[in-house]
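**Student:** The structure that follows is given in the form of structure tokens.
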Amino acid sequence: MADERKELERSIAEITEVAKGFGLDFYPMRYEICPADIIYTFGAYGMPTRFSHWSFGKAFHRMKMQYDLNLSRIYELVINSNPCYAFLLKGNSLIQNKLIAAHVLAHCDFFKNNARFSNTSRDMVESMAASAERIRQYELEYGKKKVEQFLDHVLAIQEHVDPSLIQKPRIQKKEEKHPTRRQATPYEDLWKLDDWGEAESD
């Protein structure tokens, strides 16, 4: 097993050089080999760091059952952030992982350079971890049932929202003396997340 892992590491380094030679431009890569339970948990949650909700458990059960019955298989999961994370399924053969490494590099190149994904948060893992912690705090403050009902509503409509139609707020010109202010709500800390990425890029 250790020899195979070393061989995979060498192969990934070679594949990365070949990909760069073909002109692919991708973020630094991080590879992890994970057991099926972890891969399918990430697949159900959509991220390794996300808030808790019953629908993710339902998705996990369905996906893991299909894997256990040999009906489907997730060979890898990619998080298109900076750095880019690739989780490879434990049990993949060496040749499968070599092919997957090449596939993952193409994934990252596409998401880094494609215009449609240009506004995607590149620090989504940290951002989602912060959101998950915030929602845990809301559960302590308002009660788990109330927060779960709110999440039920949000998750019910998320598939019907096209992120490309959501325009980023325009940066106000410095000469404006009276910028319009949004009415304060109990969720002001969530609105500040939108400004966080812009503040860092300045």
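The values are calculated or read from the model by the stated rules, or taken from the named source; none is laboratory data. Quick caveat, the model's predicted, so the values are computed rather than measured. Note: ideal-geometry Cβ built from the backbone for every residue, glycine included; neighbour counts use all protein chains shown. What goes into the accessible areas is simple: the full protein's heavy atoms, side chains included, and nothing from ligands, DNA or RNA. Shrake-Rupley method; radii C 1.70, N 1.55, O 1.52, S 1.80 Å.
**Student:** Would you confirm, using the coordinates I've provided, whether residue 8 is more than 24 Å from the chain's Cα centre (by Cα), touching a residue at least 24 places away in the same chain (Cβ under 8 Å), more than 25 Å from residue 129 (Cβ to Cβ) and surrounded by 13 or more Cβ atoms within 10 Å (Cβ to Cβ)? Spell out the reasoning first.
**Tutor:** On the way: more than 24 Å from the chain's Cα centre (by Cα): yes; touching a residue at least 24 places away in the same chain (Cβ under 8 Å): yes; more than 25 Å from residue 129 (Cβ to Cβ): yes; surrounded by 13 or more Cβ atoms within 10 Å (Cβ to Cβ): yes.
Considered against the rule, which asks whether it is more than 24 Å from the chain's Cα centre (by Cα), touching a residue at least 24 places away in the same chain (Cβ under 8 Å), more than 25 Å from residue 129 (Cβ to Cβ) and surrounded by 13 or more Cβ atoms within 10 Å (Cβ to Cβ), residue 8 comes out as yes.
**Student:** Take segment 1-60 and flag every residue that is aromatic (Phe, Trp, Tyr) and assigned to a helix (DSSP H, G or I). I'd like the intermediate steps shown before the answer.
**Tutor:** Applying the first criterion (aromatic (Phe, Trp, Tyr)) to segment 1-60 yields 22, 26-27, 31, 40, 42, 45, 51, 54, 56, 60.
Within segment 1-60, 40, 42, 45, 54, 56, 60 qualify.
**Student:** Yes or no: residue 138 surrounded by 17 or more Cβ atoms within 10 Å (Cβ to Cβ) and within 13 Å of the chain's Cα centre (by Cα)?
**Tutor:** On the way: surrounded by 17 or more Cβ atoms within 10 Å (Cβ to Cβ): yes; within 13 Å of the chain's Cα centre (by Cα): no.
No, not satisfied.
**Student:** Condition (residue is under 16 Å from the mean Cα position of the chain (by Cα), surrounded by fewer than 18 Cβ atoms within 10 Å (Cβ to Cβ) and closer than 30 Å to residue 154 by Cβ) applied to segment 19-28: is it met by at least one residue?
**Tutor:** Yes, segment 19-28 contains a residue that is under 16 Å from the mean Cα position of the chain (by Cα), surrounded by fewer than 18 Cβ atoms within 10 Å (Cβ to Cβ) and closer than 30 Å to residue 154 by Cβ.
**Student:** Shifting gears a bit: Within segment 64-98, track down each residue that is open to solvent by 70 Å² or more (accessible area, probe 1.4 Å), without any contact (Cβ under 8 Å) to a residue 40 or more places away in the chain and either closer than 16 Å to residue 110 by Cβ or part of a loop (DSSP other than H, G, I, E, B) (or both).
**Tutor:** Scanning segment 64-98 gives 69, 70, 71, 73, 75.
**Student:** Any residue that is surrounded by 14 or more Cβ atoms within 10 Å (Cβ to Cβ), closer than 30 Å to residue 157 by Cβ, touching a residue at least 12 places away in the same chain (Cβ under 8 Å) and among the β-branched types (Val, Ile, Thr) - is there at least one of those in segment 43-63?
**Tutor:** Yes, segment 43-63 has at least one match.
**Student:** Please tell me if residue 166 is within 20 Å of the chain's Cα centre (by Cα), more than 21 Å from residue 54 (Cβ to Cβ) and either at pLDDT below 80 or surrounded by 13 or more Cβ atoms within 10 Å (Cβ to Cβ) (or both).
**Tutor:** Working: within 20 Å of the chain's Cα centre (by Cα): yes; more than 21 Å from residue 54 (Cβ to Cβ): yes; either at pLDDT below 80 or surrounded by 13 or more Cβ atoms within 10 Å (Cβ to Cβ) (or both): yes.
Criteria met by residue 166.
**Student:** Could we say that residue 148 is without any contact (Cβ under 8 Å) to a residue 60 or more places away in the chain and more than 30 Å from residue 18 (Cα to Cα) here? Even if it seems obvious, please write down each step before you answer.
**Tutor:** Details: without any contact (Cβ under 8 Å) to a residue 60 or more places away in the chain: no; more than 30 Å from residue 18 (Cα to Cα): yes.
So residue 148 does not fit the description; no.
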